[in-house]
1. Is one or more of the residues making up region A:55-66 modelled with pLDDT under 90 and more than 29 Å from the chain's Cα centre (by Cα)?
2. Within region A:188-211, can you find the residues that are modelled with pLDDT of 95 or more and assigned to a helix (DSSP H, G or I)?
3. Output the residues belonging to region B:88-125 that are of a type in the set (S, T, N, Q) and either open to solvent by less than 70 Å² (accessible area, probe 1.4 Å) or under 22 Å from the mean Cα position of the chain (by Cα) (or both).
4. Do any strands (runs of 3 or more DSSP E) lying entirely in region A:23-122 carry at least 2 residues that are without any contact (Cβ under 8 Å) to a residue 12 or more places away in the chain, and which ones are they?
5. Inspect region A:358-369 for any residue being within 14 Å of chain B (Cβ to nearest Cβ) and closer than 30 Å to B:ILE176 by Cα and give the result as yes or no.
6. List, please: which pairs have Cβ atoms under 7 Å, are six or more places apart or on different chains, and start with a residue in region B:41-61 that is among the aliphatic types (A, V, I, L, M) and end with one that is open to solvent by 50 Å² or more (accessible area, probe 1.4 Å)?
7. Pick from A:TYR316, A:TYR322: which is within 14 Å of another protein chain (Cβ to nearest Cβ), more than 30 Å from B:MET210 (Cα to Cα), in contact (Cβ under 8 Å) with a residue 12 or more places away in the chain and not basic (Lys, Arg)?
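The values are calculated or read from the model by the stated rules, or taken from the named source; none is laboratory data. Everything quoted here is computed from the prediction, not taken from an experiment. We place every Cβ from the backbone using ideal geometry, glycine too, and count neighbours over all the protein chains shown. Note: accessible area is taken over every heavy atom of the protein model, side chains too, but ligands, DNA and RNA are not part of it. Shrake-Rupley method; radii C 1.70, N 1.55, O 1.52, S 1.80 Å.
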Amino acid sequence: MNPSLRKLVRKRAPNAKEIDAFVGASEFPLVDGSDITFVYRGSADSISLRCWISGFNAAQPFQRLQDTDLWALSIELPLGSRIEYKFELVTNGQRSLIVDPLNPVLAHDPFGANSVCQVTGYERPAWSLPDPGSRRGTVEEQTLDCKAFGESRTLQVYLPARFRRTRRYPLLIVHDGADYTRFADLITVLDNLIQSLEIPPMVVVMTQSPDRLKEYGGNDKHAAFIGDELLTYLSRNYPLIDEPRARGLMGASFGAVAALHAAWKNPGVFDCLLLQSGSFAFSDLGQHERGPVFDSVVRFMNEFREQPGQPAGRIYMNCGIYESLIYENRSLVPRLQQQGIEVLFEEARDAHNWENWRDRLRNGLTWLYPGPVWMVYE
Amino acid sequence: MPLRILYGPQRPVTNLRDIAANSELPPGTFAVISAGWQEDEAYTDELGQILGRPLQDLRLYNRADQVFADDPKLREAYRERQERLMELQRLYRGRLRQLMIAARQMQRSKAHADLIEPERRHAIEQLRALDRHHCNRVEEIHTNYANDINANQSSVLAEQVAAIVEQLADYETVVITGGNVVVLLNRLHLFGMAEHLQSKHIVAWSAGAMVLGSQVVLFHDRTSQGRRDPEIISPGIGLLAELVVFPDAKHRLKSRDPMRVGIISRRFAPACCVTLDSGTTLQFDGDRLRKATEARRLTRSNGLVRIRTA
């Protein structure tokens, strides 16, 4: 338990004023190196910590301190970790999941917000923050009649600062692009990395599926859309470098499966893959245990692992070590390397969330698309 | 004696402004080589304001594009040359990496002095031998290419060279900007600029300063992928043959590591390795250093040492 909190409650139950003073002077959760103390103030029948760390007890119960309205739970997390969490309150038999009322740091995703615990040693990367010195690209919206799915699809197309039609640009197609923009600051990252010459000016196309669990699970229509329809459209309308080494696909979670599948189904088209926390579930023997939504993914991954071919020349992968998918990601790396594919695999003390993916974007993008920083001396 | 005035990056300190008050440079318009800015070559208005002089852009980047558009054979020969140079650079880099690892290991070794010193010297000599070998091979590719285009006698190229020479004749001072040093070098070599710049006063910064040496060394210790070993990319135009320039060394070079600095210094000796950070000035009369402000040289064992002039 945090020493200051222990001191507060050691001898007797502190009064409300003392608790007010303690809460006002502290940042929550209380971080002492790798010792983390979560604190809740309020009434409840029970409180538990919910964080999505594989191998960790799903619900960690808090202890009420003396006869106060303070509850606390201490756990240990390795230095440099970053986890997202919520509190589960049970009051009068009713359960509710809430963000930590004492912690202003939140992470957002399509399902809402989670509280964030940043252990000593974690720091949000500076290049992911808006930089007034970075020239800004523009994002234009395009609509494409998608024959594969028989409906229109909206694309967001990022054009780098000082975009010119007389130049040719590398291309990156991003699955769940709108989510990457909202939750992983993709546009800010692109602007900053291009400004610092760490990646070349590039065209980045953000796609968003209306039914990703269906379309991203090894779906041939999706692969045809990406490798044929979309690429043809983009090549006609934007000045792109017409070489596989300058074309890439990116995605996270199911989006990474979609990117890998699309590249596999379109061999020799995309040389670069950026795959984050890929939902690369497979089954060596018997049935998988990830639920029916993974059925098509497992079918694809089993087939892929059997005959990987060469979906790309270079693949950047990353996964949080607190994810249940870490095993699937780790085991895919040597399989890809055996095919002569250059693979850079990184692990982080984080889990399956957008800020983990954001924090790895620089390494992935600069490795796949090295910029001219090496050659530019301003 | 023509002047060579070198500066570091112009941010945050824009000391190019000193040129406006420099009475040693003849009055009148400066010629500008801003090919390192690539498509932004023509955007020289702000530069003119800083220098306090009218400017005439020699348009080397644009002229090269024109040559390639009008002479497909030359364009093809150039493209082939570039591919061969890139492939050669990859091969060199692979060998260089191993030799750098060995050189560092020798430096770190705690073996007895009489055992380790010859090994350290030999490790550096191997680096120097590889660099010499690489330079020779690069020269060979350049020579073959030059012979090819001579053989083809590209009238398009000849016309552009003649136009540049004619234009250059009107100006006594040439400004060479920073930017992409590889693109800048390629354009300088394409138009044979070394010969035409010999007699001119030169004002240059960053990449523009790098190309004046006899060899151009790329370096960056702080890329997102980590340290990259300094590597020779090409011969320079040789106006300051005994100089290897490291612009923005404060940010790009791990200069507090005396071992790292020492290896670089010994590797490129007898050339003097100098840093050109923002705020730095070096002024040469011909190839003789006359003035130095905030410049440092890389030494064999003492890290960076300030350059002082009499």
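1. Taking every residue of region A:55-66 in turn, at least one turns out to be modelled with pLDDT under 90 and more than 29 Å from the chain's Cα centre (by Cα).
2. A:THR188, A:VAL189, A:LEU190, A:ASP191, A:ASN192, A:LEU193, A:ILE194
3. Filtering region B:88-125 for residues of a type in the set (S, T, N, Q) gives B:89, B:98, B:105, B:107, B:109.
The answer is B:GLN89, B:GLN107, B:SER109.
4. Details: elements: A:30-32, A:35-41, A:46-51, A:59-61, A:70-76, A:82-91, A:94-98, A:106-109, A:112-118.
By residue number, A:94-98.
5. Within region A:358-369, the subset within 14 Å of chain B (Cβ to nearest Cβ) is A:359-369.
Now drop any that are not closer than 30 Å to B:ILE176 by Cα, which leaves A:366, A:369.
Yes, that holds for at least one residue.
6. B:ILE50/B:ARG17; B:LEU51/B:ALA20
7. Values: A:TYR322 fails: within 14 Å of another protein chain (Cβ to nearest Cβ).
Being within 14 Å of another protein chain (Cβ to nearest Cβ), more than 30 Å from B:MET210 (Cα to Cα), in contact (Cβ under 8 Å) with a residue 12 or more places away in the chain and not basic (Lys, Arg) holds for just one of A:TYR316, A:TYR322, which is A:TYR316.
Residues checked against (1) open to solvent by less than 20 Å² (accessible area, probe 1.4 Å); (2) in contact with a strand residue (DSSP E or B) (Cβ under 9 Å, 6 or more places away or on another chain); (3) farther than 25 Å from B:GLU294 by Cα:
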position	(1), (2), (3)
B:LEU16	yes, yes, no
B:GLY28	no, yes, yes
B:ASP45	no, yes, yes
B:ARG53	no, yes, yes
B:ALA64	yes, no, yes
B:ASP71	no, no, yes
B:MET86	no, no, yes
